[in-house]
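Nothing in this text is a laboratory measurement; each read-out follows from the coordinates by a stated rule. Every value quoted in this text rests on a predicted model; they were computed, and no experiment measured them. Because the Cβ atoms are built from the backbone with ideal geometry, glycine has one as well, and the counts that use them run over all protein chains shown.
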Amino acid sequence: MTSRSVIVSDTDILGHTIKGGIFDVLVPSVIEEIYITPQVEKELRSNHLHYQVFHQYNQNNRIKLTKERWALLSVKSRQEVNKVKNRMRAVLDPGELECYAYSVGLGIDAIISDDRDAREKIIHDSGHQKLVMNFAQLLILGVKMDKFDLETAEKYYDQVVQRNMLSRFASFSKQIELFDRFTINHSWTQQILAEL
């Protein structure tokens, strides 16, 4: 799958952006399709976010379930999913594990997750083939795509951090530095920016 701005999403980032009041800004502006794995769907149900994600914020049918694509996957793609699951099961929690595994099987290069440790493990294991972004990286991508200005992105960033009481996130200026050092150089990001 090579469609522009298609991602696989972890649970945490969906909750943070919904509670932070920016989900409906990010998705139509920056993301065309979000794939949700069975584990993430289960976690959304237990976090009482399922209705919001699949009904309230999915009028344009941008959110899709990986299980609906499973039957269409080739045997080789299914084997790749299972190989990743077996290799990384002891290293990643179930949500991040499925995000990574299904991204491999579906041929999607971008994952969104607010778990920094998982992000580093996935990027390392994939040999930097996978890009794992947090919500700040998506906001900065939106700025690069001219969807909103830097001041608005920073306001959204502060809003998400405050509403979710996220204490482990680096400052917005540090997030920009990380984006400019890593995210912008990934082929997925380059392709999106080249298509503008």
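Put a plus charge on the Cβ of each Lys and Arg, a minus charge on the Cβ of each Asp and Glu, and nothing anywhere else: the dipole of the stretch 6-194 about its Cα centre is then about 600 debye. Using amide H atoms built 1.01 Å from N in the peptide plane, name the residues 5+ places from Ala110, or on other chains, whose amide H lies under 5 Å from its own. Here the answer is Val8, Leu131, since their amide H atoms fall under 5 Å of that of Ala110. Of the residues Tyr157, Ile192, Gly21, the one whose Cα sits farthest towards the positive end of the charge dipole of the chain is Ile192 (charges of +1 on Lys and Arg Cβ, -1 on Asp and Glu Cβ, taken about the Cα centre). Taking the chain as a Gaussian network of alpha-carbon nodes connected by springs under 10 Å, the highest mean-square fluctuation of the residues Ser77, Ser113, Ser173 belongs to Ser173. Modelled spin-label separation between Leu72 and Asn86, with each label point placed 7 Å from Cα along the Cα-to-Cβ direction: 2.7 nm.
Going by C-beta contacts inside 10 Å, put Ile31, Ile36 in order with the fewest on the left. Before the final figure, lay out each step's value.
On the way: Ile31 21, Ile36 27.
Listed from fewest to most nearby Cβ atoms, that is Ile31, Ile36.
Using helices alone, I'd like the mean residue ellipticity at 222 nm for the chain: each DSSP H run of four-plus residues gives -39500 (n - 2.57), total over residue count, nearest 500. Taken over the chain, the calculation gives -16500 deg cm²/dmol. 3J(HN,Hα) along the stretch 25-36, derived from phi through the Karplus expression 6.51 cos²θ - 1.76 cosθ + 1.60 where θ = phi - 60°, amounts to 8, 5, 4, x, 7, 10, 10, 8, 9, 10, 9, 10 Hz, with x in place of Gly and Pro. Converting phi to 3J(HN,Hα) with the Karplus coefficients 6.51, -1.76 and 1.60 and the offset θ = phi - 60°, the stretch 66-79 yields 5, 5, 6, 8, 4, 4, 8, 6, 5, 4, 4, 5, 5, 5 Hz in sequence order, with x at every glycine or proline. Seen from all directions on average, the stretch 10-118 presents a Cα convex hull projection of 6.8 nm².
So who's got an amide H within less than 5 Å of the one on Ala170, skipping anything under 5 residues away but keeping other chains? H placed 1.01 Å off N, in plane. Those lying under 5 Å, H to H, from Ala170: there are none. With coordinates expressed along the principal axes, the C-alpha atoms belonging to the chain extend over 47, 35, 32 Å, beginning with the largest. Pairs of Lys residues in the stretch 6-194 that lie 8 or more places apart, or on two chains, and have C-alpha atoms under 19 angstrom apart add up to 19.
Across the stretch 13-20, coupling constants 3J(HN,Hα) worked out from phi with the 6.51/-1.76/1.60 Karplus curve, θ = phi - 60°, read 5, 5, x, 5, 6, 5, 5, x Hz, and Gly and Pro carry x. Once the Cα atoms are used to define both axes, helix 94-106 deviates from the longest principal axis of the chain by about 70 degrees.
Shown for Thr183, Thr11: other C-beta atoms within 10 Å of each C-beta, ranked fewest to most, produce the order Thr183, Thr11. Going from the fewest other Cβ atoms within 10 Å to the most, the residues Tyr157, Tyr102 appear in the order Tyr157, Tyr102.
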